[in-house]
Amino acid sequence: MTYPSSEALQTWLEIATEAALAGGEVLRQYWGNLSEIAEKGRSGDLVTEADRAAEAAVMAVLLRHLPKDHGFLAEESGRQGNRQSPILWAIDPLDGTTNYTHQYPCCAVSIGLLWEGEPILGVVFNPIHQELFRAAQGLGATLNRRPIQVSTTSQLAQSLLVTGFAYDRRETQDNNYAEFCQFTHLTQGVRRGGSAAVDLAYVACGRLDGYWERGLSVWDIAAGIVLVREAGGQVTAYQGSPLEIETGRLLATNGLIHRAMVEVLSQVQPLAFTPIPLSDPLSL
Ligand code: IPD
Ligand code: CA
Ligand code: CA
């Protein structure tokens, strides 16, 4: 198999869009109507019938229209298709499940395409706000079919950032608390969106200037990485070196504040954090 032509990318972008819209429709139907909310093992890592139904809707469209030799990795159902293919679709049917269960409208269907491990196409759809973000390598990035670009903020002091905290934050010192404090101190603010896909999409369209996070999975970020790069931004490892997506740790910015963020991330030390012992542990 050779690297996909721009015609192929364009066709696959339309198929991924149809799949994201189908998944989004399912998420709209279950919005405020959930009867099943379960934990997936780690405390706080939720799954609902909406996650599963949206994934089934997304996969049905992808499998119906895409070539049979593609590989797939979906959050709830795992691997299927050709494991030897240089092409891997990474699907998160509901990124921001915690927000979704609280009807906090920051969530999305995220569909990314990787070529030999490199993200090259992405669709992120927030069905509650009806915002459709799309991008493919060399074809630019759009929001509701209009071109988007990253912000022009060049000073960390003028920037608005976003981050997140992984589900293992109570079990590791690498919990992002120190980074959060440092950037809160140095910037106009740090938001915690609760959906990595939406966080990256917001950097791509310039609502936010930078995003960093650890403990992510490929389905959380594959699509969003393409959005940021195609909108003119930069995505790397924390140290500014080339991104290795499987580390689950990334820095995405408008490019202009990238060096400053690398500098902070390279110096930060874990915070000595002692949780308050509550008198009633059940209230946790
Ligand atoms: C989560 C969201 C969140 C991030 C977590 C992810 P989920 O995905 O992207 O913003 O902080 O690390 O796991 O569980 O809602 O699909
Ligand atoms: Ca996710
Ligand atoms: Ca998910």
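Checking each residue in the range 191-225 for being of a type in the set (Val, Ile, Thr) and more than 9 Å from the chain's Cα centre (by Cα) picks out only Val203. Within this structure, Glu75 passes the test of being in the same structural domain as Gly41 (by TED's automatic domain parsing) and within 13 Å of ligand 1 (Cβ to nearest atom). Of all the listed residues (Leu227, Leu216, Leu161, Leu200), the sole one being within 16 Å of ligand 3 (Cβ to nearest atom) and either in contact with a Lys or Arg (Cβ under 9 Å, 6 or more places away or on another chain) or assigned by TED's automatic domain parsing to the domain that holds Val124 (or both) is Leu216.
Within the range 10-51, the set of residues being within 19 Å of Gln130 (Cβ to Cβ), within 19 Å of the chain's Cα centre (by Cα) and of a type in the set (Ser, Thr, Tyr) comprises Thr17 only.
Every residue, every condition in (1) over 20 Å from Glu76 (Cβ atoms); (2) away from ligand 2 (no atom under 15 Å from the Cβ); (3) β-branched (Val, Ile, Thr); (4) touching a Leu at 6+ places or on another chain (Cβ under 7 Å), yes or no:
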site	(1), (2), (3), (4)
Thr98	no, no, yes, yes
Gln103	yes, yes, no, no
Ser110	no, no, no, no
Leu114	no, yes, no, yes
Glu118	yes, yes, no, no
Asn126	no, no, no, no
Glu131	yes, yes, no, yes
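One residue stands out among those in the range 1-51 that are surrounded by 18 or more Cβ atoms within 10 Å (Cβ to Cβ) and not aliphatic (A, V, I, L, M): the one that is modelled with the lowest pLDDT, which is Thr48. Of all residues in the range 73-86, those that are within 22 Å of the chain's Cα centre (by Cα) and either under 16 Å from Ala8 (Cβ atoms) or within 16 Å of ligand 2 (Cβ to nearest atom) (or both) total 7. Asp92: at pLDDT 95 or above, within 13 Å of ligand 2 (Cβ to nearest atom) and not hydroxyl-bearing (Ser, Thr, Tyr), yes or no? Considered against the rule, which asks whether it is at pLDDT 95 or above, within 13 Å of ligand 2 (Cβ to nearest atom) and not hydroxyl-bearing (Ser, Thr, Tyr), Asp92 comes out as yes. When the range 162-181 is limited to residues that are charged (D, E, K, R) and surrounded by 15 or more Cβ atoms within 10 Å (Cβ to Cβ), the one that is farthest from Ala272 (Cα to Cα) turns out to be Asp168. Is it fair to say Leu143 is in contact with a helix residue (DSSP H, G or I) (Cβ under 7 Å, 6 or more places away or on another chain), of a type in the set (A, V, I, L, M, F, W, C), away from ligand 2 (no atom under 16 Å from the Cβ) and assigned by TED's automatic domain parsing to the domain that holds Glu75? Spelling it out, it is not the case that Leu143 is in contact with a helix residue (DSSP H, G or I) (Cβ under 7 Å, 6 or more places away or on another chain), of a type in the set (A, V, I, L, M, F, W, C), away from ligand 2 (no atom under 16 Å from the Cβ) and assigned by TED's automatic domain parsing to the domain that holds Glu75.
Among the residues of the range 242-284, the ones that are within 20 Å of the chain's Cα centre (by Cα) and more than 20 Å from Thr184 (Cβ to Cβ) come to 8 in all.
The values are calculated or read from the model by the stated rules, or taken from the named source; none is laboratory data. Because the structure is predicted, anything quoted here is derived from the model rather than measured. For neighbour counting, all protein chains shown are included, and Cβ atoms are generated from backbone atoms with ideal geometry for every residue, glycine included.
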